[in-house]
Amino acid sequence: MNENRGPVEDLSWATTLKARIVTPGARPRIHGYDVRGDLLASTGIPGIILLTLTGELPTKAAATAFEKAMVFLAPVSVAEAPVHASVLAGLCGSDSTGRAGVAAITLAQQARFTVAEHRDLLMGLKEGHVPEGFGDTEETALLLNALKEGGVPFPEEFRRLAPTAAALAVLHECCGLTTTEQLEQALLMARMPCALAEAGAVKPGDFREYPIELPRFEYTDGDK
């Protein structure tokens, strides 16, 4: 008998993994819903994503609002750090796994900072009002008009929000994504396709197509 036992060895540990979201099997279930039976014919990807995030099947209006907001948030260019990093991974020869890993990590960080920047907005929404000071743009009107055409009700105060703030407000109020983690996950999923496509469009090793000398580097002696 090994006498060198410690607190870890003396604990009683679980012997199986617990399925909290997806129940595996021939007919897998998400939060109890039969995916290939009940959901396949009646639910699209927006509904499935909302189901995974909230644990409940969304209403038609919530699914429509989610789809519009995700489309609105999807563009992320090589000028932004997550796509730039994944493009560099592709140039350095990373396969699809490596590019996807870089994109996911950096997009998750971007999403975390984006949600944090809108803390006052989210706190105001939880208290039942839309804070002032987020600006008014034509882009916001494009999103909200699309919601209106889709039959999705929303507070008219959203029209004074800047584009990203408006999209987060829609996810929060119209789709039921009320936690920072839920909003961060939605942002990541919205932007992942563009990041992966941009990284996959570069040729490994083709550094002559990369503006490596912008800006021009100048090395100086730190002691001077």
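Miscellaneous remarks
- Residues (farther than 25 Å from Gln109 by Cβ and either out of contact with any helix residue (DSSP H, G or I) (no Cβ under 7 Å at 6 or more places or on another chain) or hydroxyl-bearing (Ser, Thr, Tyr) (or both)) located in the range 206-222: Arg208, Glu209, Glu213, Arg216, Phe217, Glu218, Tyr219, Thr220, Asp221, Gly222
- Counting only residues that are surrounded by 11 or more Cβ atoms within 10 Å (Cβ to Cβ) and of a type in the set (A, V, I, L, M), the range 24-44 holds 3 of them.
- Any hit, the range 152-171, residues being charged (D, E, K, R) and touching a residue at least 40 places away in the same chain (Cβ under 8 Å): no
- Selection of the range 67-90 for residues being in contact with a Gly (Cβ under 7 Å, 6 or more places away or on another chain) and among the hydrophobic types (A, V, I, L, M, F, W, C) yields only Ala89.
- Filtered residue count, the range 19-71, keeping only those that are farther than 22 Å from Glu149 by Cα and either free of Cβ contacts under 8 Å to residues at least 24 places away in the same chain or assigned to a strand (DSSP E or B) (or both): 23
- Scanning the range 172-199 for residues that are of a type in the set (Asp, Glu) and either in contact with a Leu (Cβ under 6 Å, 6 or more places away or on another chain) or free of Cβ contacts under 8 Å to residues at least 60 places away in the same chain (or both) gives Glu173, Glu181.
- Residue list for the range 1-23, filter: surrounded by fewer than 11 Cβ atoms within 10 Å (Cβ to Cβ), at pLDDT 85 or above and not hydrophobic (A, V, I, L, M, F, W, C): Thr15, Thr16, Lys18, Arg20
- Note on the range 178-214: residues that are in a loop (DSSP other than H, G, I, E, B) and either exposed (fewer than 13 other Cβ atoms within 10 Å of the Cβ) or hydrophobic (A, V, I, L, M, F, W, C) (or both) total 11.
- Top-ranked residue in the range 97-137 [being among the small types (Gly, Ala, Ser) and touching a Leu at 6+ places or on another chain (Cβ under 8 Å); ranked as modelled with the lowest pLDDT]: Gly135
The values are calculated or read from the model by the stated rules, or taken from the named source; none is laboratory data. Fair warning: this is a prediction, and the values are worked out from it, not measured in the lab. Don't worry about glycine lacking a Cβ; one is built from the backbone with ideal geometry, like all the others, and counts go over all protein chains shown.
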